[in-house]
Every structure is written in C-alpha cells, then in structure tokens.
1. Please list, in chain and number order, the residues 5+ apart from I216 or on another chain whose amide H is under 5 Å from its amide H, with Hs placed from the backbone.
2. Under 5 Å between amide H atoms, partner at least 5 residues away or on a different chain: which partners does L54 have, H built in plane at 1.01 Å?
3. Which of Y224, L167, W184 sits closest to the plus end of the dipole of region 127-226, meaning its Cα is farthest towards the positive end, when Lys and Arg get +1 and Asp and Glu get -1 on the C-beta?
4. Please check: in the Gaussian network model of the chain (C-alpha springs, under 10 Å), which one of S104, S211, S154 has the largest mean-square fluctuation.
5. Just want the ordering: K11, K101, from fewest to most Cβ atoms lying within 10 Å of their own Cβ.
6. Where the only charges are on Cβ atoms (+1 Lys, Arg; -1 Asp, Glu), what is the dipole of the chain about its Cα centre, to the nearest 20 debye?
7. Can you list the lysines whose alpha carbon is less than 22 Å from that of K158, not counting same-chain residues fewer than 8 positions off?
8. Return the whole-Å distance between the Cα centroid of region 148-175 and the Cα centroid of region 3-38.
Amino acid sequence: MTSVLIVDDEKMITAPLARALTQAGYTVLVAANGHDGLAMAYGQKPDVVVLDVLMPEMDGWEVCRTLRQESTVPILMLTALGDEVDRVLGLELGADDYLTKPFSTRELIARLRALLRRIELDRSQKLADDALVVGNLRVELNTYRVFNDGQELSLRQKEFDILALLLSRPGEVITRAEFFDRVWGTDWLGDTRTLDVHIRWLREKIEVDPSQPRHIQTVRGVGYRFMKERS
C-alpha cells in the first residue's frame with residue numbers, strides 16, 4: 001500500500017488530512033516536527049512526503065534541503081506563504097510541487113496521485129540496456145547513471161529525465177510543453193518555472209561556465225536544446 005508521510009505541527013490539519021488519506025487507501029505516517037519528519041523519512045521510506053513550511057526549530061525548507069541530500073522521494077510542500085519568492089524557493093530546494101493553505105483535501109489527494117503517477121511512468125519508460133552518448137556525456141537509462149568525461153555525476157530524478165530527453169535529440173529544440181508532457185506528465189499541476197530551476201541545476205553540473213552555457217541553450221519563448229562541443 002502506498003505510504004504518505006505528513007510533516008506538520010498543526011493537529012487541526014494533520015488529523016483530518018490523515019483520515020482523508022486513509023479513506024483514500026493510503027498508509028499514513030505523521031510527524032509533528034521537522035526532526036521527527038526526517039527520522040521517519042529515512043527510517044520508514046514513505047512513497048511521498050507532505051511537508052509544511054512553517055514549523056518551529058526546523059522549518060520545512062531545512063527539512064527539504066536535508067532530505068534531498070540523500071533521497072529522491074516526491075515532496076509536496078504546504079505553505080501559508082503566498083509570496084512568489086517563497087514558492088520558488090521550495091522548488092529550488094528540491095520540492096516537486098507545492099500547495100498554498102487553505103487547501104481542499106480533494107486537491108491535495110489529486111496532486112499526490114499525479115506525483116506518484118509520474119514517478120511510476122518514469123520508471124516504466126526506462127529502456128533496459130540503453131545508453132545515450134553525446135560528446136563527453138553518457139546517460140545510462142537502465143541504471144540511472146550519468147557520466148561527464150568519465151566522471152559520474154549526481155543528479156536528481158527530474159534532472160536525469162530532462163538531460164536524457166535533451167540528449168535523445170541533440171541540436172533539436174524541445175519545447176517547454178513537451179518537457180512537461182514527457183518529464184512531469186500531462187496532469188502536472190505545479191509551477192511551470194520548475195523546469196527553469198532544473199535546467200539551472202543541470203547547467204551547474206555539466207557546463208564549464210553555467211552563466212554562459214555552451215551545451216544546454218535557451219531558445220527564448222520556445223524551450224531548450226542540447227548542442228555538442230564543436231571540434
């Protein structure tokens with residue numbers, strides 16, 4: 001059974017949310033603070049984490065940052081903050097989606113299902129014994145490993161998927177719409193700027209000068225393309 005870890009210090013939110021998720025067929029774990037949330041995430045290994053931002057001692061941003069150092073578990077952040085900067089910060093720290101309080105349990109469950117469907121689709125679409133090689137980059141689709149000039153890189157799952165899509169069609173412009181369709185799924189409900197955040201992360205890992213990218217190029221108003229190094 002799919003497990004959901006809720007990390008939130010407000011019992012008025014966790015209690016009814018846990019009931020709704022249980023009724024929807026999920027196994028529910030609840031942590032009342034960030035420290036317990038991290039311990040449960042590492043120990044229980046839930047399928048998805050619902051993470052509140054405003055908590056005492058260790059806030060959700062710190063939990064997300066710490067968790068992302070060792071885990072690719074999908075994270076849905078809950079925030080009472082409506083500022084765009086705060087929402088983008090969550091995405092930059094590695095959250096997969098966010099929901100602003102107050103929210104309906106129906107919408108939250110729909111977002112969780114969308115996240116989980118995308119993860120399962122990502123896994124099922126990987127082709128065994130396949131690899132993409134463009135210039136110094138090698139992407140091994142069956143083992144989820146990426147090498148740049150022989151050195152292995154550490155990528156998040158969505159970074160891997162974006163790079164694999166770019167390398168599958170070098171020199172070709174891939175539209176923003178196709179990125180979201182192929183990487184996030186057609187039922188993506190989150191912030192479209194998450195693509196730009198992931199592209200920036202990729203550039204920091206494979207470009208000599210991320211501020212002047214030579215490989216992952218922006219085609220303004222359309223999308224991105226991957227260009228090989230000219231010999």
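1. Amide H neighbours of I216: M227.
2. G60, A80
3. The residue sitting most towards the positive pole is Y224.
4. Largest GNM mean-square fluctuation: S211.
5. Sorted ascending by nearby Cβ count, the order is K11, K101.
6. Values: 30 positive and 36 negative charges, 141 e Å.
With only Lys, Arg, Asp and Glu charged at Cβ, the dipole is about 680 debye.
7. Within the straight-line cut-off, K158 pairs with K45, K126, K205, K228.
8. Computed from Cα coordinates, the inter-centre distance equals 35 Å.
Read-outs: derived from the displayed coordinates by stated rules, not from any lab. Not measured: the values here are computed from a predicted model. Virtual Cβ from ideal backbone geometry, glycine too; neighbours counted across all protein chains shown.
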